[in-house]
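S.K.: What follows is a single structure, and I will ask about it in a moment.
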Amino acid sequence: MKKIYLLLILIFLTNNKLQSQDKNLFIKDFDITQISENQLNVNLKVYSPDLADYNEFIIDYSGNTITLKVCYDMYFIPAISNLENDFQINLPSPISNYTLKVEIYRSTSQGCLYQASLMQDSATLDFTTPFTGTISLSTNDIKNDDKNLILYPNPVKDILHFSEEVSNVRITDLSGKVVKQTSAKGESVDVSKLPKGNYLLSFNSKTGSISTKKFIKK
């Protein structure tokens, strides 16, 4: 009897996939973590006011633009769905500027077609590899392991100071090129010879954790 009941539920769900053009799936947030030199992990959080379930995904590459297309099954059943999935993406180059586009689609009776009319929501995040920590869509910034450490002054002209001693300082420009590096411990770094612009600075704190912060050279 239970098998028959479950079968009837399955048939009902299959025959009642959402076919309207309404936007019923929304990206709540996504963040990326570089898990190896050539690979990212994307954690995607999606909300739906109706019953929904993850189906599949595909990845498209166009130059330095990576598009993650994720497909979901949707149903005519009022039941809030908070979906969270992880996806691994290969990077064409370990050092480069990238644009990551995330597009979410609903499926049809013919499966996942990834047509524009079926797209429910999309979001874009720009980033530069390599990076440490996590870059989030909600903040579009880097989450640091050491939130108490302060860089000053920022913007900086000559000497960039730290609020505590750090080591293994590495500075990269937005193309991912390492422009300055030192393993010595200290509470400051000379950036006077760097061209004006935005930079990423990674370092080891006193606890040994690796953090990354942004600064502006003026």
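S.K.: Residue by residue through the range 71-113, note down the ones that are among the hydrophobic types (A, V, I, L, M, F, W, C) and more than 30 Å from G176 (Cα to Cα).
M.R.: Answer for the range 71-113, where residues must be among the hydrophobic types (A, V, I, L, M, F, W, C) and more than 30 Å from G176 (Cα to Cα): C71, M74, F76, I77, A79, I80, L83, C112, L113.
S.K.: Another question, then. Scan the range 163-205 for residues that are polar (S, T, N, Q), surrounded by 14 or more Cβ atoms within 10 Å (Cβ to Cβ) and either in a loop (DSSP other than H, G, I, E, B) or touching a Pro at 6+ places or on another chain (Cβ under 6 Å) (or both) and report the count.
M.R.: Count: 1.
S.K.: I've got another one for you. Of all residues being more than 21 Å from the chain's Cα centre (by Cα) and closer than 24 Å to S96 by Cβ in the range 206-218, which is surrounded by the fewest Cβ atoms within 10 Å (Cβ to Cβ)? Just the residue, please.
M.R.: I216
S.K.: If you scan the range 95-110, which residues turn out to be free of Cβ contacts under 8 Å to residues at least 60 places away in the same chain and under 20 Å from T33 (Cα atoms)?
M.R.: Within the range 95-110, Y98, T99, K101, E103 meet the criteria.
This table checks each residue for (1) in a helix (DSSP H, G or I); (2) among the hydroxyl-bearing types (S, T, Y); (3) at pLDDT below 85; (4) in contact with a strand residue (DSSP E or B) (Cβ under 8 Å, 6 or more places away or on another chain).
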residue: L7; (1), (2), (3), (4): yes, no, yes, no
residue: S20; (1), (2), (3), (4): no, yes, yes, no
residue: K23; (1), (2), (3), (4): no, no, yes, yes
residue: Q34; (1), (2), (3), (4): no, no, no, yes
residue: L40; (1), (2), (3), (4): no, no, no, yes
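S.K.: Take the range 206-216 and flag every residue that is in contact with a strand residue (DSSP E or B) (Cβ under 9 Å, 6 or more places away or on another chain) and either over 15 Å from Y152 (Cα atoms) or not in a strand (DSSP E or B) (or both).
M.R.: Selection gives K206, I210, S211.
S.K.: With the structure loaded, tell me whether I135 is in contact with a strand residue (DSSP E or B) (Cβ under 7 Å, 6 or more places away or on another chain), buried (at least 18 other Cβ atoms within 10 Å of the Cβ) and assigned to a strand (DSSP E or B) or whether it fails that test.
M.R.: yes
S.K.: When you scan the range 67-75, do you find a residue that is in contact (Cβ under 8 Å) with a residue 12 or more places away in the chain, touching a helix residue (DSSP H, G or I) at 6+ places or on another chain (Cβ under 6 Å) and assigned to a strand (DSSP E or B), even just one?
M.R.: Yes; the residues of the range 67-75 include at least one that is in contact (Cβ under 8 Å) with a residue 12 or more places away in the chain, touching a helix residue (DSSP H, G or I) at 6+ places or on another chain (Cβ under 6 Å) and assigned to a strand (DSSP E or B).
S.K.: Scan D86, D29, D60, D53 and give me the residue that is in contact with an Asp or Glu (Cβ under 8 Å, 6 or more places away or on another chain) and charged (D, E, K, R). Don't jump to the end; show me each part of the working.
M.R.: Details: D86 fails: in contact with an Asp or Glu (Cβ under 8 Å, 6 or more places away or on another chain); D29 fails: in contact with an Asp or Glu (Cβ under 8 Å, 6 or more places away or on another chain); D60 fails: in contact with an Asp or Glu (Cβ under 8 Å, 6 or more places away or on another chain).
None of the others qualify; the one that does is D53.
S.K.: Is at least one residue of the range 83-90 of a type in the set (A, V, I, L, M), touching a Leu at 6+ places or on another chain (Cβ under 9 Å), at pLDDT 95 or above and crowded, with 16+ Cβ neighbours inside 10 Å?
M.R.: Yes, some residue in the range 83-90 is of a type in the set (A, V, I, L, M), touching a Leu at 6+ places or on another chain (Cβ under 9 Å), at pLDDT 95 or above and crowded, with 16+ Cβ neighbours inside 10 Å.
The values are calculated or read from the model by the stated rules, or taken from the named source; none is laboratory data. Just so you know, these numbers come straight off a predicted model, no measurement behind them. Cβ: placed from backbone, ideal geometry, glycine included. Neighbour counts: every protein chain shown.
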